[in-house]
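Structure first, then comments.
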Amino acid sequence: MFTGLIEALGDVIELKATSGGVRLRLSTSLAEQLAPGDSLAVNGVCLTVILASSGEVHADIGPETARVTTLGSLSRGTRVNLERPMRADGRMGGHFVQGHVDGTGTVEEIRNDGESQWLTIGFPPMLAPSLVHRGSIAVDGISLTVAGLGADRFDVQIVPFTWSHTNLAQRRVHDRVNLECDMIGKYVARAVQLAGRL
């Protein structure tokens, strides 16, 4: 379980095809605090650490994960958001994030508002039932609030701290991002869907 509060940034060193999918190598300051078998959210996707030493982290990306997230299209030098799982005795500062991406969205607009930024992100129709105005959404693993909601897009406002401490400042229009809808909303939407079949 994660909170959507990014701990550190990492840089992609290598993305290499393997018999089981893709091996990801990252450089990050978190490497010395990780061990093989640990979970690590990379742009909101929960991965298992294979190796962590000398400022590097290695993790495998399965074929399905590469297909349904943006991780399969990472390239050398790409900056990624990183978060370790929440400790049981820690504070919940963001919202409950599982690291299980529901789909990818597309950055449609970036605009300034004083020192803050607004992002408009397009999303696939299947996510519509799980998005709520003023509800939570994880964008590349970042806990954000849906400030505006349309039929196929939503708006989020990014405060200066988040803009400078995550990879959002490197985002451009047409970039794809990982989306994870609020866990409680997903269960409610599923319950309503099943109730309609009874």
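Considering only region 101-116, state which residues are surrounded by fewer than 16 Cβ atoms within 10 Å (Cβ to Cβ), in contact with a strand residue (DSSP E or B) (Cβ under 8 Å, 6 or more places away or on another chain) and not in a strand (DSSP E or B).
Across region 101-116, there are no qualifying residues.
What residue, among those in region 54-69 that are surrounded by 16 or more Cβ atoms within 10 Å (Cβ to Cβ) and of a type in the set (Ser, Thr, Tyr), is nearest to residue 139 (Cα to Cα)?
Top of the filtered list is 69.
Tell me yes or no: at least one residue of region 15-26 is crowded, with 20+ Cβ neighbours inside 10 Å, at pLDDT 95 or above and not assigned by TED's automatic domain parsing to the domain that holds residue 157.
Yes, some residue in region 15-26 is crowded, with 20+ Cβ neighbours inside 10 Å, at pLDDT 95 or above and not assigned by TED's automatic domain parsing to the domain that holds residue 157.
Taking into account only those residues within region 86-100 that are aliphatic (A, V, I, L, M) and part of a loop (DSSP other than H, G, I, E, B), which is surrounded by the most Cβ atoms within 10 Å (Cβ to Cβ)?
Filtering first and then ranking leaves 86.
So which residues in region 23-62 are outside any strand (DSSP E or B) and either acidic (Asp, Glu) or under 18 Å from the mean Cα position of the chain (by Cα) (or both), if there are any at all?
30, 32, 38, 43, 44, 62
I'd like to check something: does region 158-172 contain any residue that is touching a Gly at 6+ places or on another chain (Cβ under 8 Å), within 28 Å of residue 74 (Cβ to Cβ), of a type outside the set (A, V, I, L, M) and surrounded by 15 or more Cβ atoms within 10 Å (Cβ to Cβ)?
Checking region 158-172: not a single residue is touching a Gly at 6+ places or on another chain (Cβ under 8 Å), within 28 Å of residue 74 (Cβ to Cβ), of a type outside the set (A, V, I, L, M) and surrounded by 15 or more Cβ atoms within 10 Å (Cβ to Cβ).
Do you know which residues across region 155-177 are of a type outside the set (Lys, Arg) and in a strand (DSSP E or B)?
Those that are of a type outside the set (Lys, Arg) and in a strand (DSSP E or B): 155, 156, 157, 158, 177.
Might you check whether a residue that is surrounded by fewer than 20 Cβ atoms within 10 Å (Cβ to Cβ) and farther than 27 Å from residue 163 by Cβ occurs anywhere in region 70-85?
The answer is no; no qualifying residue exists.
Just to check your reading of the model, which residue among 151, 189 is part of a helix (DSSP H, G or I), among the aliphatic types (A, V, I, L, M), touching a residue at least 12 places away in the same chain (Cβ under 8 Å) and over 22 Å from residue 71 (Cα atoms)?
Of the residues listed, the single one that is part of a helix (DSSP H, G or I), among the aliphatic types (A, V, I, L, M), touching a residue at least 12 places away in the same chain (Cβ under 8 Å) and over 22 Å from residue 71 (Cα atoms) is 189.
Find all pairs meeting these conditions: Cβ atoms under 8 angstrom apart; at least six residues apart or on different chains; first residue within region 54-66 and within 15 Å of residue 18 (Cβ to Cβ) and among the hydroxyl-bearing types (Ser, Thr, Tyr); second residue at pLDDT below 95 and part of a helix (DSSP H, G or I).
65/72
The values are calculated or read from the model by the stated rules, or taken from the named source; none is laboratory data. Please read these numbers as outputs of a predicted model, since none were measured by experiment. Counting neighbours? That spans all protein chains shown, and the Cβs are built from the backbone with ideal geometry, glycine included.
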